[in-house]
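Working notes, beginning with the structure itself.
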There are 4 protein chains.
Amino acid sequence: MSINTFGRLFRVTTWGESHGPALGAVVDGCPPGIALCEADIQPWLDRRRPGRSRYTTQRREPDRVEILSGTYEGRTTGTPISLMIRNTDQRSKDYSDIARKFRPGHADITYHLKYGLRDPRGGGRSSARETAARVAAGAVARKALAALAPAVEIFGYMVQMGEDAIDRDRFDKAEIDRNPFWSPDAAAAARWAEALDALRKSGNSVGAVIEVVARGVPPGLGAPVYGKLDTDIAAAMMSINAVKGVEIGAGMGAAALTGTENADEIAMGKDGPVFSSNHAGGILGGISTGQDIVCRFAVKPTSSILTPRRTITVEGEETEIVTRGRHDPCVGIRAVPVGEAMMACVILDHLLLHRGQVGDGLAGRIGGWPG
Amino acid sequence: MSINTFGRLFRVTTWGESHGPALGAVVDGCPPGIALCEADIQPWLDRRRPGRSRYTTQRREPDRVEILSGTYEGRTTGTPISLMIRNTDQRSKDYSDIARKFRPGHADITYHLKYGLRDPRGGGRSSARETAARVAAGAVARKALAALAPAVEIFGYMVQMGEDAIDRDRFDKAEIDRNPFWSPDAAAAARWAEALDALRKSGNSVGAVIEVVARGVPPGLGAPVYGKLDTDIAAAMMSINAVKGVEIGAGMGAAALTGTENADEIAMGKDGPVFSSNHAGGILGGISTGQDIVCRFAVKPTSSILTPRRTITVEGEETEIVTRGRHDPCVGIRAVPVGEAMMACVILDHLLLHRGQVGDGLAGRIGGWPG
Amino acid sequence: MSINTFGRLFRVTTWGESHGPALGAVVDGCPPGIALCEADIQPWLDRRRPGRSRYTTQRREPDRVEILSGTYEGRTTGTPISLMIRNTDQRSKDYSDIARKFRPGHADITYHLKYGLRDPRGGGRSSARETAARVAAGAVARKALAALAPAVEIFGYMVQMGEDAIDRDRFDKAEIDRNPFWSPDAAAAARWAEALDALRKSGNSVGAVIEVVARGVPPGLGAPVYGKLDTDIAAAMMSINAVKGVEIGAGMGAAALTGTENADEIAMGKDGPVFSSNHAGGILGGISTGQDIVCRFAVKPTSSILTPRRTITVEGEETEIVTRGRHDPCVGIRAVPVGEAMMACVILDHLLLHRGQVGDGLAGRIGGWPG
Amino acid sequence: MSINTFGRLFRVTTWGESHGPALGAVVDGCPPGIALCEADIQPWLDRRRPGRSRYTTQRREPDRVEILSGTYEGRTTGTPISLMIRNTDQRSKDYSDIARKFRPGHADITYHLKYGLRDPRGGGRSSARETAARVAAGAVARKALAALAPAVEIFGYMVQMGEDAIDRDRFDKAEIDRNPFWSPDAAAAARWAEALDALRKSGNSVGAVIEVVARGVPPGLGAPVYGKLDTDIAAAMMSINAVKGVEIGAGMGAAALTGTENADEIAMGKDGPVFSSNHAGGILGGISTGQDIVCRFAVKPTSSILTPRRTITVEGEETEIVTRGRHDPCVGIRAVPVGEAMMACVILDHLLLHRGQVGDGLAGRIGGWPG
């Protein structure tokens, strides 16, 4: 990952501030010949868009994407795809106070110290608004994956809000799109709705855990020992605003397991190896096994809250701050489509990397498989 | 991170297999004029070396490092530093069985599928032995940090083995080097010793959680939004063998916090900002705050165990495997110096990156600080 | 250089096709605090703009640049600077013929073979129009250089058109901006004007040699052995459309010299080393000496000419083609500001790289210099 | 190109000084399953080895390569290939004088200024000895090319020594290996032998022009607009010690051509497009056409000569220097295998890159070709 670029062969460079004229992404290295128009990208942006429910910020942004380059007659040409989203609802007056005071938990103080100046309007570059550009890029990655590896399916959902986790026995994939929390457990969604209403009223916020699954990923993707698939997924997720932890498969819980519990045993199915469990999260030695790739990440609670917090000013004076503005009481909700987008970009990138070094398909076989 | 390279300006390329003639690292981009000789590196390798206690693999490797280039009269010249460690104790006979069978939880099956062939002796490139090269590179990074940012101190320790965590109230930094588990809690170390003796006898293994702290890191290091300091730390730690989760500060636990609990309040001290707590783990918006940088990672239990596990052969036949050889019952122990080394490399790299873009020190000030 | 990105710390990603809605550049890694507004960039674009004289294409493009991100209150913030230029004069009808036929000397055939499709309007991505984005990025680099290394001066000029070279004895730096050829020799400019009028009338075109000088570059920039300053300059220039050769200092002519002729002898001046000559072109071992950095590159004649040329169609049929449209009879003229821009980007990039690895200034001294 | 690394997917990192214990290369990203042993590499090193004829330095180095990693049972495993060459003939006494004085035309002064210290023995890292590592890496690239694109043939030769160029009408490919100058023109070789004997006796040296051809390269390799094939070739060649100019196809001579002369006309042959000429040097728009890729580079005369040259000391005193030691009177001779090696690495790298983004073969067709 370069400063504002991620990816190796499928490279995404994002730019833009929360309250500047626009934000965007340049997607480089996309395979040619992929059908792509704005209508392919817009639905994914709509999922992330603020103001979809009362549980997300009430900033009103249509988040309309424009494709400025890289396609011809509805297909990618292999040249860079420039995606732009205009900012329209920029109420700069909401942010006048924070130009002088550093909001605890925000990047205000570190940007100020590092760069000497920062765009204080809406958090500038450190705003979660930057993730719109990632979602747009992820939509391009999904289209390329659909063409190159049609079996791949990527979906994310919330598995915990605050201390309240879903019940895995109630997991219903179809439920995810039916509630505003992307929860696969309808009962949890109902509880979260109630809890978040209370938090919102009290001007507080709460953290969340998101899980993203990539299903149907062919085995063989990844590149030891530093370009591992899990390394890149960890970097991709940790780069999302407010993320404080990333797990693959058993994750932090792997520490509590014994070797006999943890080792996913292997049998032979008609479509390749079959594993008795998936503590590995679909990745062994940095390379995909063909199982579901399972990643979780924790999003901290929004630091923009109505409770006064002690802080200091640019002049070094101690003071208090209340962050009004329009904020997400649980920014984790809107992190779901962002996590999906990052996963899509990483999987595509490794598909291209694998094809570059090894060629299409697998160099090895197990018995007569693959045929 | 490139395939076998990590870092941006301070770049480390490692090579070598567990049972090849040697392994090593090429360290590129080191600042010139740093005092460096083999004796500066060896102690760190000795910390990671197998066979230090009965709790680590009994493979006997002296792990003697040779500097083949990049220094002149005991100082770095700014050119690539080639570090080589000869392999001496290569009992290949221990590994003859696994050339045909895939060990569950190991990279055997994925390497085979991806590349079509692999070096089965001791896990080849996927062996934890590769981490010796990281530790050697980390020792170089420590020397450069000592010259450029002498206040920086990097230390790691084990905070959990299996389900048994340390008691934070008993944290004693001086204790870390006194027990074979790098535990800061002597009581925990005693319990772990007992538990591990039992596990070892039963041929089983167990996971662990390691914490690595970088203290005295100047504020301003890191580069949003994809070259974040926490992004690079997450990638660095996730790239270590057997790591399944990475946390910064509050980590996965951040999900359970509310905004009022999580926001580290800021006051002004005589040496810069002072924070009331460190849920952020020393990083806001991807940039260091000056607080301790705190990272944790979970290491899964060694998959090489004596309990028979079901698996398949290269020919696709179902079978069982017992991994004899000499293995670590808790590979997390030896991951401590590896995590420290990765942290040292990342911190130095970001120090150079910051100097490149912004120059020495901070572009911003708070009141009259820094003077 | 990545596919559509160049630079290491100062990284420029360009996007856009000749006849798409817009083209642009994302400039990442710029130091913060640099004064920058659109008026700083526009004059450099105006130098490159088509239609300045009758010797360049009559396409009418205002080439107005918009800064979409990365500045706040007129200063760079250290975040990516997104620069956009709208395309306005897109007469697509001029290019209808070439969608089926491959123009000899153009990228039509290779883009078609590689990608399977291409944007044929105006050459799409392979159009020299892409260089507008480079010039905009170069203007940002110049502003940063002005702040960080104010002694640096970068200027280019044409030294040969067709077979007709300037007389070095008539070199007058002030003359460069006075004629439409950026010629430092007024007499050559007059001859070229006449020759080009004739060529234009006959529908033919001609090549040129451009020289770009970077004066006042501090010694010590560059990084052996693959990140050499001359390596990066060569890559930067060769990446410009139609460039077929790059020289540093004595260039290809160095082959004809003997060692006694070639070695630039060194004396000691009050401001550092003084060299008796500059066959090295200001670079030794890939690192700047403090002398003028001198680079030349050859631009081939525009392949778009009115003389019918034999070619084939997408269907493989043999045919003829005449490229009408609006073209530069000597595209080398407009390559001058492009070469300057690339030089500015490379010099700034290496200034940042040097500062990253070594720090401000030089690690070494000669006697008491620098003081 | 990173500081001591070049390539994108096929990445080569070299290390080592002229008079250190060893030098080497780590080759990362090589496709797996390629037959590779030391005997595949040694012949190429032997071509570059000093002391092959009286026209090259009399330093005696066997240049025996050892493969330390990355192969198993004679095949590449896809993991990094570490290649090491021991230095044996290190007569450090020859170089004692130059620790204090800067040799004109050498990197002594720039390394000293940049880094503050340098290894003066034999030029340290700036010695042409570093190119042995490139040749070893190039041999690996050749083996991979032989497996992936068996039609590719790469060969280099000298076309000019001093002012004396070959006669293209006498070009005989078979002659190249028959004389110590890699000259395709036997008459030129005879003249060069005589001239070089005289130069050697007078303690002088001379420059040369090398041409490297890659034949049989499939069309479609390269990646506009900054990852062009010619951009990467230019960078690769310019990074070789003493190179001052690089040309593709018509090269600097393209400036003197008109559009009608320069445009290579296209006809349709049974095996794809056929061009009437090759001014383009096999590359259009940065992408290979399928014609011969033709690159030339100029090597300056060795700066190590017996004629006294004026220079300064580390203390800034003016003095004279005579470079005794053992040097090549025409270092261009030994640059031939180096240029070939760099070409092999670049072609393979772009083959992998193309396969990554586009897949095997071409996305486009012309009529029914390729079938």
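Worth pointing out:
- Residue in the stretch A:195-216 that is free of Cβ contacts under 8 Å to residues at least 60 places away in the same chain, more than 7 Å from every other protein chain (Cβ to nearest Cβ), over 26 Å from A:N4 (Cβ atoms) and of a type in the set (S, T, Y) present: no
- Only listed residue being in contact with a helix residue (DSSP H, G or I) (Cβ under 9 Å, 6 or more places away or on another chain), closer than 18 Å to D:V246 by Cβ and of a type in the set (A, V, I, L, M, F, W, C), chosen from C:I266, C:I293: C:I293
- Qualifying residue in the stretch B:154-167 (condition: out of contact with any helix residue (DSSP H, G or I) (no Cβ under 8 Å at 6 or more places or on another chain), of a type outside the set (V, I, T) and open to solvent by 20 Å² or more (accessible area, probe 1.4 Å)): no
- Criterion applied to A:A255, A:A263 was being open to solvent by less than 20 Å² (accessible area, probe 1.4 Å), among the small types (G, A, S), in contact with a Lys or Arg (Cβ under 9 Å, 6 or more places away or on another chain) and at pLDDT below 95, and the one residue passing it is A:A263.
- Qualifying residue in the stretch A:32-40 (condition: within 10 Å of chain C (Cβ to nearest Cβ) and either open to solvent by 10 Å² or more (accessible area, probe 1.4 Å) or at positive phi (or both)): yes
- Candidate set from the stretch B:64-82 (those that are farther than 26 Å from C:G364 by Cα and not in a loop (DSSP other than H, G, I, E, B)); member that is most open to solvent (accessible area, probe 1.4 Å): B:E66
- Checklist (1) within 27 Å of C:A250 (Cβ to Cβ); (2) more than 8 Å from chain C (Cβ to nearest Cβ); (3) open to solvent by 10 Å² or more (accessible area, probe 1.4 Å); (4) charged (D, E, K, R) applied to D:E340, failing item: (3)
- Subset of the stretch C:163-175 (residues that are closer than 15 Å to C:R296 by Cβ and either of a type in the set (V, I, T) or in contact with an Asp or Glu (Cβ under 6 Å, 6 or more places away or on another chain) (or both)): C:I166
- Qualifying residue in the stretch C:100-107 (condition: more than 28 Å from C:D349 (Cβ to Cβ), part of a helix (DSSP H, G or I), within 14 Å of chain D (Cβ to nearest Cβ) and hydrophobic (A, V, I, L, M, F, W, C)): no
- Flag: B:A255 matches the condition of being over 19 Å from A:G203 (Cβ atoms), part of a helix (DSSP H, G or I), at the interface with chain A (Cβ under 7 Å from one of its Cβ atoms) and not β-branched (V, I, T).
- Any hit, the stretch B:243-251, residues being surrounded by fewer than 24 Cβ atoms within 10 Å (Cβ to Cβ), more than 7 Å from every other protein chain (Cβ to nearest Cβ), under 29 Å from the mean Cα position of the chain (by Cα) and modelled with pLDDT of 95 or more: no
- Scanning the stretch B:42-51 for residues that are part of a loop (DSSP other than H, G, I, E, B) and under 18 Å from the mean Cα position of the chain (by Cα) yields B:R49, B:P50.
- Total residues in the stretch A:202-229 satisfying the condition of being part of a loop (DSSP other than H, G, I, E, B) and within 21 Å of A:D185 (Cβ to Cβ): the figure is 1.
- Any hit, the stretch D:20-41, residues being among the β-branched types (V, I, T) and part of a loop (DSSP other than H, G, I, E, B): yes
- All positions within the stretch B:281-295 that are hydrophobic (A, V, I, L, M, F, W, C) and more than 7 Å from chain A (Cβ to nearest Cβ): B:I283, B:I293, B:V294, B:C295
- Residue that is more than 12 Å from C:R296 (Cα to Cα) and small (G, A, S), where the choices are C:A214, C:A250, C:A208, C:A223: C:A223
- Scanning the stretch D:1-14 for residues that are part of a strand (DSSP E or B) and either β-branched (V, I, T) or open to solvent by less than 10 Å² (accessible area, probe 1.4 Å) (or both) yields D:T5, D:F6, D:V12, D:T13, D:T14.
- Lone qualifier among C:A190, C:A147, C:A195, C:A136 - being part of a helix (DSSP H, G or I) and crowded, with 19+ Cβ neighbours inside 10 Å: C:A136
- Odd one out for C:V274, checked against (1) open to solvent by less than 10 Å² (accessible area, probe 1.4 Å); (2) more than 8 Å from chain D (Cβ to nearest Cβ); (3) not small (G, A, S): (1)
- Count of residues meeting criterion [open to solvent by less than 70 Å² (accessible area, probe 1.4 Å) and either in contact with a helix residue (DSSP H, G or I) (Cβ under 8 Å, 6 or more places away or on another chain) or among the hydroxyl-bearing types (S, T, Y) (or both)] in the stretch B:50-60: 5
- Checklist (1) open to solvent by 60 Å² or more (accessible area, probe 1.4 Å); (2) touching a helix residue (DSSP H, G or I) at 6+ places or on another chain (Cβ under 7 Å); (3) among the basic types (K, R) applied to B:R86, failing item: (2)
- Only a single criterion out of (1) surrounded by 20 or more Cβ atoms within 10 Å (Cβ to Cβ); (2) at the interface with chain A (Cβ under 7 Å from one of its Cβ atoms) is not satisfied by C:A25, namely (2).
- Note on the stretch D:260-271: among residues that are assigned to a loop (DSSP other than H, G, I, E, B) and within 9 Å of another protein chain (Cβ to nearest Cβ), the one that is nearest to C:K101 (Cα to Cα) is D:E265.
Conditions tested, residue by residue: (1) open to solvent by less than 10 Å² (accessible area, probe 1.4 Å); (2) facing another protein chain (nearest Cβ under 7 Å); (3) modelled with pLDDT of 95 or more; (4) not in a helix (DSSP H, G or I).
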{"site": "D:F297", "(1), (2), (3), (4)": "yes, no, yes, yes"}
{"site": "D:T307", "(1), (2), (3), (4)": "no, yes, no, yes"}
{"site": "D:R310", "(1), (2), (3), (4)": "no, yes, yes, yes"}
{"site": "D:R334", "(1), (2), (3), (4)": "no, no, no, no"}
{"site": "D:D349", "(1), (2), (3), (4)": "yes, no, yes, no"}
{"site": "D:L352", "(1), (2), (3), (4)": "yes, yes, yes, no"}
{"site": "D:G364", "(1), (2), (3), (4)": "yes, yes, yes, yes"}
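- Scan of the stretch A:200-226 for residues that are more than 30 Å from A:G290 (Cβ to Cβ) and surrounded by fewer than 23 Cβ atoms within 10 Å (Cβ to Cβ), ordered by number: A:R200, A:K201, A:S202, A:G203, A:N204
- With respect to (1) β-branched (V, I, T); (2) within 14 Å of chain D (Cβ to nearest Cβ); (3) part of a loop (DSSP other than H, G, I, E, B), the lone exception for B:T56 is condition (2).
- Scanning the stretch C:315-328 for residues that are more than 8 Å from chain D (Cβ to nearest Cβ) and either without any contact (Cβ under 8 Å) to a residue 40 or more places away in the chain or assigned to a loop (DSSP other than H, G, I, E, B) (or both) returns C:E320, C:V322, C:T323, C:R324, C:G325, C:R326, C:H327, C:D328.
The values are calculated or read from the model by the stated rules, or taken from the named source; none is laboratory data. Since we're looking at a predicted model, the values are computed, not measured. Note that each Cβ is placed from the backbone with ideal geometry, even for glycine, and that neighbours are counted across all protein chains shown. Just the protein is used for accessible areas: all its heavy atoms, side chains included, with ligands, DNA and RNA removed. Shrake-Rupley method; radii C 1.70, N 1.55, O 1.52, S 1.80 Å.
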